[in-house]
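The values are calculated or read from the model by the stated rules, or taken from the named source; none is laboratory data. None of the values given here were measured: they were computed from a predicted structure. Reconstructed Cβ throughout: ideal geometry from the backbone, glycine too, with neighbour counts over all protein chains shown.
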Amino acid sequence: MADISLAGAPTGVLLMAHGAPNSVDDIPEYLRNIRGGTESSAEVVEIISERYRAIGGSSPLLDITLGQARALEEFLNRRGGNFQVYVGMRNWSPYIRDAVRQMVDDGVRRVFAMCLAPQYSTWSTELYFKAFRAALKDAADPGSMDVRLITSWANHPLLIDAFVEKIEQATARLREEGHDDVHIIFTVHSIPADSLEVGDLYDEEYDRTLSAIVARVRPRRW
């Protein structure tokens, strides 16, 4: 690896997420991105379009992620740090490649890259890292940047704190409405079942998250 001088250079933090279309008109291209260039049928496009119309025509994902990035950058720099936080989406703009080019232009020499899905999976985490590595190779000499990949944070205490806080707020509201017997349903994203047969760790990963939450909340029924 090339000699990397970090003196005075900002440290980058790259937050990577799935990406979502800005409008219903973007959905055909968005689906092509997800499917590696394969066209979706008119029926599938209409089904997805109808779902987006039901939530107002666009996803809140980008606004939420940009807000997280701003808050994280402020937090990291609160004691005079030199961090710059970037957002890169795998399937829509701003793409991961755009964020990597911006980091190179900004003189970033060290970067912490993480997928905003806490649970590691070859179907999510590794695909984000693959896109990141390809973008870095195109934008700069990969050896010129000190890269740290955060592969999993499925049971990080602060993540569990956030889940517990939301659950406690929700159950408190329900009790105020007279619902004392609360049944909690945990939901997770899906991946192809045969991935687990070849060693994908996703089921173990979300079990780590779930077990940590249940140990804290101790729900009566879930």
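Quick notes on this structure:
- The residues on offer are Gln102, Gln84, Gln68, and the sole one that is touching a Pro at 6+ places or on another chain (Cβ under 8 Å), at pLDDT 95 or above and in the same structural domain as Pro142 (by TED's automatic domain parsing) is Gln84.
- Set Ala117, Ala135, Ala131, Ala162: member being under 19 Å from Ala17 (Cβ atoms) and not assigned by TED's automatic domain parsing to the domain that holds Ala17: Ala162
- Filter pass, Gln102 being of a type in the set (S, T, N, Q), touching a residue at least 12 places away in the same chain (Cβ under 8 Å) and part of a loop (DSSP other than H, G, I, E, B): no
- Matching residues, the stretch 174-187, being in a strand (DSSP E or B) and surrounded by 14 or more Cβ atoms within 10 Å (Cβ to Cβ): none
- Residue satisfying all of: in the stretch 75-112; charged (D, E, K, R) and in contact with a strand residue (DSSP E or B) (Cβ under 9 Å, 6 or more places away or on another chain); nearest to Arg32 (Cα to Cα) among these: Arg90
- Verdict on Val111 being closer than 29 Å to Gly8 by Cα and touching a Gly at 6+ places or on another chain (Cβ under 6 Å): yes
- The conditions of being modelled with pLDDT under 95, hydrophobic (A, V, I, L, M, F, W, C) and either out of contact with any Asp or Glu (no Cβ under 9 Å at 6 or more places or on another chain) or within 27 Å of Gly199 (Cβ to Cβ) (or both) are not met by Met114.
- Of everything in the stretch 188-202 that is touching a Ser or Thr at 6+ places or on another chain (Cβ under 9 Å) and either part of a helix (DSSP H, G or I) or outside the structural domain of Glu168 (by TED's automatic domain parsing) (or both), the residue that is farthest from Ile160 (Cα to Cα) is Ser195.
- Filtered by the rule that a residue be charged (D, E, K, R) and free of Cβ contacts under 8 Å to residues at least 24 places away in the same chain, the stretch 47-72 gives Glu50, Arg51, Asp63, Arg70.
- For the stretch 10-46, a tally of residues being under 17 Å from Met89 (Cβ atoms), without any contact (Cβ under 8 Å) to a residue 24 or more places away in the chain and of a type in the set (A, V, I, L, M, F, W, C) returns 1.
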